[in-house]
Structure formats: C-alpha cells, structure tokens
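> Quick one: this structure, given as structure tokens, is what I'll be asking you about.
The values are calculated or read from the model by the stated rules, or taken from the named source; none is laboratory data. Since we're looking at a predicted model, the values are computed, not measured. Glycine also receives a Cβ, built like all others from the backbone with ideal geometry; neighbour counts cover every protein chain displayed. All accessible areas refer to the heavy atoms of the entire protein, side chains included, with ligands and DNA or RNA removed. Shrake-Rupley method; radii C 1.70, N 1.55, O 1.52, S 1.80 Å.
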Amino acid sequence: MDDTVNAQGVNRANQTDQANPSGYSHQNKQANRSTQANQSTKDTPANSTDLTDPSKQTVPIRCEGVAVVLMKRCLDQYHVLMLKRAGRMLHNEWCYIGGGIEHGEKAWEAALREIREETGITEVRLYTSNQFEQFYSPTEDYIYMAPVFVGYVNEHQPVRLNHEHSEHRWMTFEEAKRHAALPGIDDILDFVEKHFAKKAPSKWLQINIENE
C-alpha cells in the first residue's frame, strides 16, 4: 500500500518580488517542498509495507494442497462425509477430504483425484467454495493454505476407503462441526452449509469439467 503525501500550497495574493529576493513566490516554494516530500516518500521503504525491507522477516505461504467437502442428501437434509484419519498426522481425528497437488495438476483436478483415491467416488458435481483452509506450522514456520471445494454426490454411491482412513461416516453439519479435528474446520462447514446446503450455489462457482 503506497502512502501519498498531499501538500497544499497557500496563496498569498499580495506577495511581491521584493519580499522574495530569490524570485520565487511563496506558492512556488510550497510546490517545491511538495515535490521534495513526494520524492522522499517514494525513496523511503519505511513509509510503506515494503517486502524487500531487509529488517523484516516474512512467513512463507504454501498453497500446495486442496480440501474437499462432499455432501449428499439424506431424506430432507444434506449430510457431510467425514473420514477418520489412520496416518500419523491427526491420527484418529475426523476430517473431510484433503491432499496435495501433484506436478502439472490444476487444483480442481487434484480435488477430483483425492476424492477418487480416498473414497472411490467417481461421480461428483464439483464447485469451488471461494474459501481456504489454513493453518500455521510452528515447527516449520510457514502458513499452509488450501482452496476448499464442495462436491455433490449421488446418495447411492458407495464409499471405499484407502489406507489413509480407518472409518467414514455421513454426518449432519452439526455432527461434523462437533467432530472436526481443528478450529477453523467448523467455520468452513458453517460456510458450506449456508451457501451450498441451505440454498443453491452460484452457477459461477461450478467447475465445468467437460469443457476443460
């Protein structure tokens, strides 16, 4: 964000050359000061948030994964697919689908692959949610971010887990929020419930896979 110095000159109608031996009017002096001030502002990194300032340390942001909330209609309401993790990370905790983006993949392609690998589900209507899962890693000192996708699946599609999870359950949104492993997951589930379960999502968020 750039800060701009706005200097206002003061007009003095009766200023004479005798009062200004240098030949400059008071207004010209003010204009010169304004120019100098603006130049000083541009040349001073401390005046703005300057990422090249060597005295500042930044925290890296890594966006190298995706998260997916799968939903299906059960009777009169949507349920969310939650998976119990079997690996070392978040062992025995309940989460939705997530994983890394492989080389050459688009994020939505990674989302479809993770759905297929972790659940065996191949038919899904996929949307981007315009939300991001994020957390800070204190051991590696970086911020992890992942775009969140939402998928609608047919209620008759079976779930076949791979080695990454030991159990799955279709939960109501309230149940899913109570079981969520980390703070922030419940906020994402709130958002998905509001914009994808309680009303039809915007058509601009749908990923038209056939035309890609």
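Residue by residue, here is whether (1) at pLDDT below 95; (2) touching a Cys at 6+ places or on another chain (Cβ under 7 Å); (3) more than 17 Å from P147 (Cα to Cα) holds:
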{"site": "H165", "(1), (2), (3)": "yes, no, yes"}
{"site": "A176", "(1), (2), (3)": "no, no, yes"}
{"site": "G184", "(1), (2), (3)": "yes, no, no"}
{"site": "V192", "(1), (2), (3)": "no, no, no"}
{"site": "F196", "(1), (2), (3)": "no, no, no"}
{"site": "L205", "(1), (2), (3)": "no, no, no"}
{"site": "E210", "(1), (2), (3)": "yes, no, yes"}
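> Can you tell me which residue in the range 94-122 is surrounded by the most Cβ atoms within 10 Å (Cβ to Cβ), limited to those that are assigned to a loop (DSSP other than H, G, I, E, B) and hydroxyl-bearing (S, T, Y)?
First, the residues of the range 94-122 that are assigned to a loop (DSSP other than H, G, I, E, B): 96, 101-106, 120-122.
After this cut, where a residue has to be hydroxyl-bearing (S, T, Y) as well, the list is 96, 122.
Working: Y96: 25, T122: 10.
Applying the filter and picking the extreme gives Y96.
> Within the range 123-138, does at least one residue satisfy the condition of being under 27 Å from T58 (Cβ atoms), in contact with a Cys (Cβ under 6 Å, 6 or more places away or on another chain) and surrounded by 11 or more Cβ atoms within 10 Å (Cβ to Cβ)?
no
> When you go through L81, L90, L112, L70 one by one, which is the residue that is over 19 Å from L126 (Cα atoms) and among the aliphatic types (A, V, I, L, M)?
Result: L90 is the single residue among L81, L90, L112, L70 that is over 19 Å from L126 (Cα atoms) and among the aliphatic types (A, V, I, L, M).
> Among the acidic types (D, E) and at pLDDT 50 or above: which single residue out of D53, D43, D17 fits that description?
The match here is D53.
> While we're on this one: Give, as residue ranges, the strands (runs of 3 or more DSSP E) completely inside the range 125-192 that count at least 1 residues that are among the β-branched types (V, I, T).
Values: elements: 125-137, 142-152, 165-171.
So the answer is 125-137, 142-152.
> Please identify the pairs in which a residue from the range 164-189 that is in contact (Cβ under 8 Å) with a residue 40 or more places away in the chain and within 19 Å of H91 (Cα to Cα) has its Cβ atom under 8 Å from the Cβ atom of a residue that is of a type in the set (A, V, I, L, M) and in a loop (DSSP other than H, G, I, E, B), counting only partners at least 6 apart or on another chain.
E164/A86; H165/A86; S166/A86; E167/L161; H168/V159; H168/L161; A181/L90; L182/L90
> What is the residue count in the range 74-105 for residues that are more than 21 Å from F135 (Cα to Cα) and modelled with pLDDT under 95?
Residues meeting the conditions: 4.
> Give the range 65-93 a look and list any residue that's surrounded by fewer than 15 Cβ atoms within 10 Å (Cβ to Cβ) and touching a Phe, Trp or Tyr at 6+ places or on another chain (Cβ under 8 Å), or say none.
Listed by number, the list holds a single entry, C74.
> Examine the range 177-191 for a residue that is closer than 16 Å to M71 by Cβ and open to solvent by 80 Å² or more (accessible area, probe 1.4 Å), and state whether such a residue exists.
No, that holds for no residue.
> Sort through Y136, Y152, Y144 and tell me the only one that's over 19 Å from E114 (Cα atoms), out of contact with any His (no Cβ under 8 Å at 6 or more places or on another chain) and not aliphatic (A, V, I, L, M).
Details: Y152 fails: over 19 Å from E114 (Cα atoms); Y144 fails: over 19 Å from E114 (Cα atoms).
Exactly one residue qualifies, and that residue is Y136.
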